[in-house]
Amino acid sequence: MAFAPMGPEASFFEVLDRHRESLLAALRRGGQEPPSGGSRVASSSEVLVSIENIIQDIITSLARNEAPAFTIDNRSSWENIKFEDSVGLQMVSHCTTRKIKSDSPKSVKKFALILKILSMIYKLVQSNTYATKRDIYYTDSQLFGNQTVVDNIINDISCMLKVSRRSLHILSTSKGLIAGNLRYIEEDGTKVNCTCGATAVAVPSNIQGIRNLVTDAKFVLIVEKDATFQRLLDDNFCNKLSPCIMITGKGVPDLNTRLLVKKLWDTFHVPVFTLVDADPHGIEIMCIYKYGSMSMSFEAHHLTVPAIRWLGLLPSDLKRLNVPKDSLIPLTNRDQMKLDSILRRPYVTSQPFWRKEMEIMADSKMKAEIQALTFLSSDYLSRVYLPNKLKFGGWI
């Protein structure tokens, strides 16, 4: 055993263990085929050659007195996205593209910025050094204007070269936290022990570099909000329901938090659950972990965990637990639009129970935060709600 168990009796985990067996059986039936498309982890020499080929194309265009242009897959249209149960949202093989032209007033600046960042990536890969997206932005913050411009261009380059962001030697700053029954060694040899205490461990910035992961966890719980995560830490949830792992992306998850969830699933194949607010924003965040996002669909194979289940807070729980109306919040027009958008997405047809929960929300025109459960008792979430859900299989 990697850790001394402190949690409930073995019988508590019977339903969880059966759920894990069904997940493993589904994996065996699916054959766990390796990724067939999208981005991949490319060698340094491959990345350098790809960039050189792009520059060669630009030189060829100039030699012909033609205006150079970058051709990039269009990641903002659902027409270019397909859904597969085993992967989530991914780009179709022959998707529509858009051109970033050097002779168009609308796109000439973006063309120049892509070229600049490509040159920076080339130097990073060539020298085997790394930089964060923030580092790149601060090389010329006035030129880039804001961080989002840099982020989008890096995603465009990753998509254009069909390699992962890590292969470009660009790292993201992590904002997520992890706690519980997990140990690992970071790339530089640092030993990390996430055993639950009063504080959590920051999600590492180089997920591909961590090794020797060890856990006895029966489940992984993804918590939408940092405040809820901290409350569960304060309530000693990890030890009371040991062995388990808790993760939060502090809202919409960053790339490293998603990569870590994916690595834990690929390494251990233990059930993964989400705890989100019963509102469209919480459902959206859960969908990103499970099925991915349109903007990062070219990296779906490295990011999505379709085995994730929705543990709470379910809209149907609000009625079942008699949560008073003054603890609920009316849906705004923006909420309604978000909910309608999610209901139209291709993966909802494969999740009838999710659809039913969202229809309950739409019909009631009300939403609720996880904190609404405190009307029952201050520790109801950690003492009653989550243990009962996990013991009796209250997930969908």
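Before moving on, here are some points about what is shown:
- Of LEU343, LEU311, LEU321, all but one fail to be more than 22 Å from the chain's Cα centre (by Cα), open to solvent by less than 40 Å² (accessible area, probe 1.4 Å) and in the same structural domain as ALA368 (by the TED database); the exception is LEU321.
- Failed item, numbered, when MET294 is tested on (1) within 27 Å of ARG258 (Cβ to Cβ); (2) open to solvent by 30 Å² or more (accessible area, probe 1.4 Å); (3) hydrophobic (A, V, I, L, M, F, W, C); (4) part of a helix (DSSP H, G or I): (4)
- When the helices (runs of 4 or more DSSP H) confined to segment 60-167 are screened for residues that are touching a Phe, Trp or Tyr at 6+ places or on another chain (Cβ under 8 Å) and of a type in the set (A, V, I, L, M, F, W, C), those reaching at least 3 such residues are found at 108-127, 147-161.
- Test result for THR129, under 13 Å from LEU168 (Cβ atoms), among the β-branched types (Val, Ile, Thr) and surrounded by fewer than 15 Cβ atoms within 10 Å (Cβ to Cβ): yes
The values are calculated or read from the model by the stated rules, or taken from the named source; none is laboratory data. Predicted, not measured: the structure shown is a model, and the values here were computed from it. Don't worry about glycine lacking a Cβ; one is built from the backbone with ideal geometry, like all the others, and counts go over all protein chains shown. For accessibility, only protein heavy atoms count, side chains too; no ligands or nucleic acids. Shrake-Rupley method; radii C 1.70, N 1.55, O 1.52, S 1.80 Å.
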